[in-house]
Amino acid sequence: MGKYNFDEIIPRRGTDCEKYDLLGAYFGNADAIPLWVADGDFRVPDFITAAIRKRVDHEIYAYSYRPEGYYQSIVNWQKLRHNWEVQKEMILPTEGVVLTLSALIMAFTEPGDQVVIQPPVYTPFFTCVRQTGREVVENPLKRTGDHYTFDLDDLKEKISSRTKMLILCNPHNPVGRVWTEAELLELGRICVEHNILMVSDEIHSDLVFGGYRHIPFPTLSKELADRCIVCMAPSKTFNIAGLSSSYVIIPDPAIRGQFDRFLHQLHLVNGNIIGNVALEAAYTHGSEWVDEQNDYLAENRNYLLDVLSKRMPRVRMTFTEATYLAWMDFSAYGLSEKELNHRLIHQAGIVLNKGSIYGKEGDGFFRLNFACPRSVLATALEKMAGELGR
Ligand SMILES: Cc1ncc(COP(=O)(O)O)c(C=O)c1O
């Protein structure tokens, strides 16, 4: 028994919560069990709430700045959790990873340039590129059985003189891979050879389960570190996505300077006082809590695999090495995505994310968020099994 209780059911309806309070508007079933958007149903750890309370009790929330302790907490966290020696000056705070991705695209590429992404992948990777007037180049992951790897031959074929950036998702949402050193080195080598700037979205890097280790991209080699930008945030790890607190780590001073100037043009400078306090508290006190949460999440993953094999053997789930997102192939049911989605929402009463929103490779798949108390997961799976059958 750990120190923290992840079994507690905390009502979230009526809190302007996207995951629960928009179920009716988005999916037409306000009473469904939501296993969609990627936030957790767990209580934010006490040390974060205490730090926020202390700040709130001051009763003035005027202009502030990020103190030394904010930066030091990031430096310490990266060393402790990922054995990565980050220098304070490499850190540029931002106010959300998706916002950061769009800003990076705008700062380092021109309209009409090509940006590579690796579907099935987090939907905003597509939209950030398209909405900024750049062209998406799809380098789909290769699926062998239920396992995904990079398709580097396909990548090499697709690179052109207009290809300027690659956005990597590590660990990968939705397929749950933690890319290995060998995989990352090979990918990085191709990018360096073609002068492609690597943007590595590592927002899920603290949510890695036993047997796997996250490798921050810049730790691979100095050459790769000098051509890459890492996006990070405590938001997924500590369930504080509503506080818009993220940051980039950029080892190369010239690349960093260019992005810093861009952030200043938008006056994205001081951030949100509560988000800054929360980040520092999370990274200063959060290691034990994260270990406990990861154990709980890994047990949820194992439970999910067990129920699927016993009750719904036609669903094929990719083994989730990291993230609390399960990637599941429903194609053996022989139903369209629309039909399956309708039955899950309106018959079973559960909401998952449709696989096709992550790219055409996701057709026939659904993504299930298992960051919830096990009893909620059990109820949801019971309803799913009842509706879909073996
Ligand atoms: C890979 C990835 N990047 C970014 C985000 C969201 O980041 P933010 O809420 O900071 O914009 C998510 C959320 O699911 C994600 O999975």
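Pairs from the list Lys158/Lys354; Lys19/Lys354; Lys338/Lys360; Lys360/Lys383 with a Cα-Cα gap above 18 Å: Lys158/Lys354; Lys360/Lys383. With the cut-off at 1.5 for a/c, could you classify the chain from its C-alpha gyration tensor as rounded, prolate or oblate? Oblate, since a/c reaches 1.5 and b/c is not below a/b. Close amide H contacts of Ile350 (hydrogens built in the peptide plane, cut-off under 5 Å, sequence separation of 5 or more or a different chain): Ile33, Ile345. In a DSSP loop and with at most 13 other Cβ atoms within 10 Å, the GluC sites (Glu not before Pro) in the range 68-141 are Glu85. For the chain, modelled as a GNM whose springs connect Cα atoms under 10 angstrom apart, the maximal fluctuation among Cys372, Cys17, Cys169 occurs at Cys17. Of the beta bridges in the chain, as assigned by DSSP with both residues counted there, near 55 percent are antiparallel. Across the range 74-188, the fraction of Cα-Cα pairs farther apart than 22 Å, rounded to a whole number, is 42%. Within the shell defined by Cβ-Cβ distances under 11 Å, the residues around Glu18 carry a net charge of -1, with Lys and Arg each +1 and Asp and Glu each -1. Note that the range 61-285 shows a convex hull volume over its alpha carbon atoms of 122 Å³ per residue. Scanning residues 5 or more positions from Ala326 or on other chains, those with amide H under 5 Å from its amide H are Leu368, Asn369, Phe370, with H placed 1.01 Å from N in the peptide plane. Under 5 Å between amide hydrogens, built in the peptide plane, is the criterion, and for Thr109 it picks out nothing among residues at least 5 positions away or on other chains. Taking other C-beta atoms within 10 angstrom as a stand-in for reagent exposure, Tyr26, Tyr71, Tyr247 fall in the order Tyr26, Tyr71, Tyr247, fewest first. Scalar couplings 3J(HN,Hα) for the range 25-33, obtained by applying the Karplus form with A = 6.51, B = -1.76, C = 1.60 to θ = phi - 60°, are 5, 8, 10, x, 8, 5, 9, 5, 8 Hz; x denotes Gly and Pro. The shape of the range 57-100 can be summarised by an equivalent ellipsoid whose semi-axes, obtained from the alpha carbon gyration tensor, come to 24, 15, 10 Å from longest to shortest.
Rule-based calculations on the coordinates, nothing more; no lab input. The structure displayed is predicted, hence computed values, not measured ones. Every residue, glycine among them, receives a Cβ derived from its backbone with ideal geometry; neighbour counts consider all protein chains shown.
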